[in-house]
Amino acid sequence: MIKRYLYPEIERIFSRENKIKKWIQVEYQVLKSEEEFGIVPEGISARIYPKLEKIDVNEVIKLQDEFEKESDHEVVAFLMALETLIGEDARYLHYGLTSSDLLDTAGALILVEALNLVLSELDLVISALKVRAVENKYVLFMGRTHGVFAEPTSLGLKFLSHYSEFLRGRERLIKAIQEVSYGKISGAVGNYSFIPPEVEQNVLEELGLKPEPVSTQIVPRDRIAFLMSVYALIGEAVERLAQEIRLFQRTEVGEMMEPFYSKQRGSSAMPHKRNPIRSERLMGLARLLRGYLIPAHENVALWHERDISHSSVERFIIPDATEVIFYMLRLLRKNIEGLVIDKERIKENMEKFGKYYLSEPILLALVKKGIPRKDAYVWVKECAIKAQTEKIPFEQVLKEHPKIKYHLEPEEIEEALNHNFLKYVDKIFKRFSL
C-alpha cells in the first residue's frame, strides 16, 4: 500500500513489528499450554516469559534478516533469532508445530485486529448516511432512470437506499470477521501428530480464536476468499454512492457537490474548476478491490495438504485490500459529512423543463375511468412529447387533448398532477426504525 492512502492506525497493525509480536504471543501460548499437558518440561514457560516480555522486537527482526539470508526460511530464521536472544530454553518454542501453525494463527490475530478498525469506520459511514437520510426525508427530488427524468421521489429515500446497502455490508463484514477468526495448532499436515487437539483448543481460546475443524497444513483459504468478496461488495457500495455524487456534481446538474476546501485547487490550468476528485478516487479504488478477488479465489485450490503459492500473494493482497477499504470508508464519510446539497437547484431543475414527467398519474387516472391502458398510454405520451418539444405546459396540453379532455375534467387533471409522491416515505423509513 502506498503511503498516500495509508492511515497510521492501520499501518501499525500490518507492520512487521506487530507481526513479530503476534508470532511471539502465539509461540508463548503454545509453550504454556504444552507445559500444562506435560509435553515440555515443567517450569519452562516461567523461565522464558520474562525474556520474551523484555525482548527487543527490532533486534529480533535484525537477527531474523541475517539468518534468513542463509536459511531462506522466514520462520526458521525467526526461531534462530529467538534462540540467540533467549538461550537454550528457546529450543522448546515451536515444539511440534509447523510454520503455518504460527503464520495462520498469528495472521488471524492481525486480521481480526484490523477488521475491527474497518468495522468501526463502516459504522461511522452508516451513521453519516442516517443523518443525511433523516434530514432530507421530505425533500422532493427528481428520480432518474437511464440518466433521464423519471418521477419525483424523496432525497432522503436516496440516502436511505445507500444506508440500507451499507447495513447489509456491515452484516457481511461481521460474518467475514467470524470466517477468518480461526487458527490451527495441529502440526505439519493437520493430524496432531505431536500435539493433542486439547492444546490447540486451549491456545486458541486464550487468543480469542476458534480451531479450524479440519485443517490441512493451513487454515483453508476459502475463508480469505470470502473476506475479499465482502471487501469488494463494500467497495462497490462506496462506488455506487461516489458515482451518484459525481453525476449530481456535473455543471449542468449541480444538485450536490462533494466538499471543496478554501485552499483546495481544482486544476493547474483552470482556476474555476471544482472537480469531484474524492468521489473519482473512490471509484478507482473500488476497481482495485475487485482486482484482488481473482488471486484470492485462485489461492483456494492448493496442492494436497498445501503448497506455498498462496503465500506471496497474501503478503500483498491481505494488508493492501484491508488498508484500501479502510481508506475508502474514511474518505467516503468525510464526503458524506461535507456534502453540499443545493435544494434551490434541485427545485429549479425539476421545474425548468416543464412537468411532463407527471405522466403516470394521468395514465392511471384514465385507467380508472375505464380506458384501456394501451390507449391511455398513447394519449399521455402524445401530450408529454408535445409539452417537451414545443415548450408548452404539460397541464395545458392535457386539457386540450381531444380524447383526454373527454374523459377527465380540468379539476381531475389538476388533482392527478398534484399527486403526493412522498405519501409513503414515512412507512419506508419505519422499516429502519428511523
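Readers should treat all values here as calculations from the given coordinates under stated rules, not as data from a laboratory. None of the values given here were measured: they were computed from a predicted structure. Glycine gets a Cβ as well: all are built from the backbone with ideal geometry, and neighbour counts include every protein chain shown.
Data table
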| item | result |
| --- | --- |
| Paramagnetic label zone (point 7 Å from Cα along Cα-to-C-beta, GLU135; backbone N under 15 Å) in region 329-347 | 333-344 |
| For region 209-276: relative contact order, % (alpha-carbon pairs under 8 angstrom, 6 or more apart) | 17 |
| Cβ charges +1 (Lys, Arg) and -1 (Asp, Glu), total dipole of region 293-407, debye | 1060 |
| Convex hull of region 359-418 built on C-alpha atoms - directionally averaged projected area, nm² | 3.5 |
| Förster radius 51 Å - calculated FRET efficiency between GLU337 and ALA46, Cβ distance, rounded to 0.05 | 0.45 |
| Ascending count of other beta-carbon atoms within 10 Å, so fewest first, for ASP426, ASP56, ASP342 | ASP56, ASP426, ASP342 |
| Cα→Cβ-extended label distance, 7 Å offset, between HIS272 and ASN420, nm | 4.4 |
| Binned Cα-Cα distance frequencies in region 9-113 - 10 Å width, integer % | 15, 48, 32, 5, 0 |
| Sparse-neighbourhood loop sites, chymotrypsin sites (Phe, Trp or Tyr not before Pro) in region 257-317 - DSSP loop, at most 15 other Cβ within 10 angstrom | TYR261, TRP303 |
| Separation of the ASP375 and VAL148 label points, Cα + 7 Å toward Cβ, nm | 2.7 |
| Rough spin-label spacing in nm, given labels placed 7 Å along Cα→Cβ, for ASP307 and GLU409 | 8.2 |
| Listed values [x] 1.17; [y] 0.95; [z] 1.36, entry calculated as Rg/Rh (Cα atoms, Kirkwood Rh) | [x] |
| Added length on full extension, which subtracts the Cα-Cα distance from 0.36 nm per residue, VAL253 to GLU11 | 83.2 nm |
| Sites ASP56 and SER120, calculated FRET efficiency, Cβ-Cβ separation with R0 35 Å, nearest 0.05 | 0.65 |
| Unit charges on C-beta of K, R, D, E only; dipole of region 129-215, Debye | 680 |
| Equivalent-ellipsoid semi-axes of region 180-271, from the Cα gyration tensor, Å, largest first | 53, 14, 11 |
| Sequence of THR84, THR145 once ranked by neighbouring C-beta atoms within 10 Å, starting from the fewest | THR145, THR84 |
| Charged-residue dipole, Cβ positions (Lys, Arg, Asp, Glu), the chain about Cα centre, Debye nearest 20 | 2820 |
| Rg/Rg_globular for region 319-434, with Rg_globular taken as 2.2 N^0.38 Å and Rg from C-alpha atoms | 1.59 |
| Cα pair distances exceeding 20 angstrom across region 70-220, given as percent | 65 |
| Efficiency of FRET between PHE432 and GLU344 - r from beta-carbon atoms, R0 35 angstrom, step 0.05 | 0.75 |
| Burial ordering of GLU412, GLU198, fewest other beta-carbon atoms within 10 Å first | GLU198, GLU412 |
| Anisotropy class of region 300-366 from Cα gyration tensor, a/c 1.5 cut | oblate |
